[in-house]
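First up is the structure itself, then whatever we jot down about it.
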Amino acid sequence: MQDKESLWQAAFTSADPSDLDAHNKHREKILNDPQILNRTIVSDGVVVGSVGRYFMDGVAQVTYWIGSEFKNKGIATAALAKLLVIDQTRPMESRTAFDNEASARVLQKNGFSVVGTDKYFANARGEEIAETIWRLV
């Protein structure tokens, strides 16, 4: 969460990614919420990221994060595919920054389609930006 390029790409991050205490409290909340499905992504014995499902306004949402040194290797695509087998909740949605082409490819390869756009404040960019809404039915 300290890689500025990854934060820019993800856009919708915590207000202060360097606040370890806030990060740990948020992580503990996630791990203790039975509504949230969260998995660690391991590649060749190394932790490289996470993938998960949570609910927003009653709709299942997927999220994932891959360390920058592990990007563009198909790891996020494979991890999301495995999550979608574990969790058959449909419809399922995801939201990406309008210009996050890497996440767009991950979602497309897993059968998600664009269903709309919205605007949301992107902490990593310090401004409101367009987000793309994706859905898997």
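Can you give me the number of residues within region 83-102 that are in contact (Cβ under 8 Å) with a residue 12 or more places away in the chain and part of a helix (DSSP H, G or I)?
4
Can you give me the number of residues within region 31-57 that are within 18 Å of Gly67 (Cβ to Cβ) and within 17 Å of the chain's Cα centre (by Cα)? Before you say what the answer is, go through the steps one by one.
Kept after step one, since they are within 18 Å of Gly67 (Cβ to Cβ), are these residues of region 31-57: 38-52.
This time we only want the ones that are within 17 Å of the chain's Cα centre (by Cα), so: 38-42, 47-52.
Count: 11.
Can you pull out the residues in region 58-74 that are over 13 Å from the mean Cα position of the chain (by Cα) and at negative phi?
Keep residues of region 58-74 that are over 13 Å from the mean Cα position of the chain (by Cα), which gives 58-59, 68-74.
Of everything in region 58-74, those that are over 13 Å from the mean Cα position of the chain (by Cα) and at negative phi turn out to be Val59, Ser68, Glu69, Phe70, Lys71, Lys73.
For region 105-137, what are the residues that are out of contact with any Phe, Trp or Tyr (no Cβ under 8 Å at 6 or more places or on another chain) and assigned to a helix (DSSP H, G or I)?
Answer for region 105-137, where residues must be out of contact with any Phe, Trp or Tyr (no Cβ under 8 Å at 6 or more places or on another chain) and assigned to a helix (DSSP H, G or I): Arg105, Gln108, Lys109.
For Val59, which of the numbered conditions (1) closer than 15 Å to Leu136 by Cβ; (2) out of contact with any Pro (no Cβ under 8 Å at 6 or more places or on another chain); (3) aliphatic (A, V, I, L, M) fails to hold?
Here Val59 meets the rest and fails (2).
Residues being closer than 16 Å to Asn100 by Cβ and out of contact with any Asp or Glu (no Cβ under 6 Å at 6 or more places or on another chain): count how many of those fall in region 52-66. Break it down stepwise before answering.
To start, the set of residues in region 52-66 that are closer than 16 Å to Asn100 by Cβ comprises 61-66.
Still in the running and out of contact with any Asp or Glu (no Cβ under 6 Å at 6 or more places or on another chain): 62-66.
Total meeting the criteria: 5.
Kindly indicate the residue of region 120-137 that is over 16 Å from Ser94 (Cβ atoms) and touching a helix residue (DSSP H, G or I) at 6+ places or on another chain (Cβ under 7 Å) and also modelled with the lowest pLDDT among those meeting that condition.
Result: Ala124.
When you go through Phe98, Phe55 one by one, which is the residue that is among the aromatic types (Phe, Trp, Tyr) and more than 23 Å from Glu5 (Cβ to Cβ)?
Values: Phe98 fails: more than 23 Å from Glu5 (Cβ to Cβ).
After applying the criteria, what remains is Phe55.
Output the number of the condition that Glu5 fails; it satisfies all remaining conditions of (1) buried (at least 18 other Cβ atoms within 10 Å of the Cβ); (2) in contact with a Ser or Thr (Cβ under 8 Å, 6 or more places away or on another chain).
Failing condition for Glu5: (1).
Rundown of residues vs (1) in contact with a helix residue (DSSP H, G or I) (Cβ under 9 Å, 6 or more places away or on another chain); (2) farther than 19 Å from Glu131 by Cβ, yes/no style:
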| residue | (1), (2) |
| --- | --- |
| Tyr64 | yes, no |
| Glu69 | no, yes |
| Leu83 | no, yes |
| Pro91 | no, no |
| Ala97 | yes, no |
| Leu107 | yes, no |
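Scanning region 46-62 for residues that are out of contact with any helix residue (DSSP H, G or I) (no Cβ under 9 Å at 6 or more places or on another chain) and among the β-branched types (Val, Ile, Thr), which turns out farthest from Gln35 (Cα to Cα)?
Going through region 46-62, the residues out of contact with any helix residue (DSSP H, G or I) (no Cβ under 9 Å at 6 or more places or on another chain) turn out to be 47, 55-61.
Of the ones still in play, those that are also among the β-branched types (Val, Ile, Thr) are 47, 59.
Values: Val47: 23, Val59: 12 Å.
Here the answer is Val47.
The values are calculated or read from the model by the stated rules, or taken from the named source; none is laboratory data. As the structure is a prediction and not an experimental result, all values here were calculated from the model. Please note: Cβ atoms are built from the backbone with ideal geometry, for glycine as well, and neighbour counts cover all protein chains shown.
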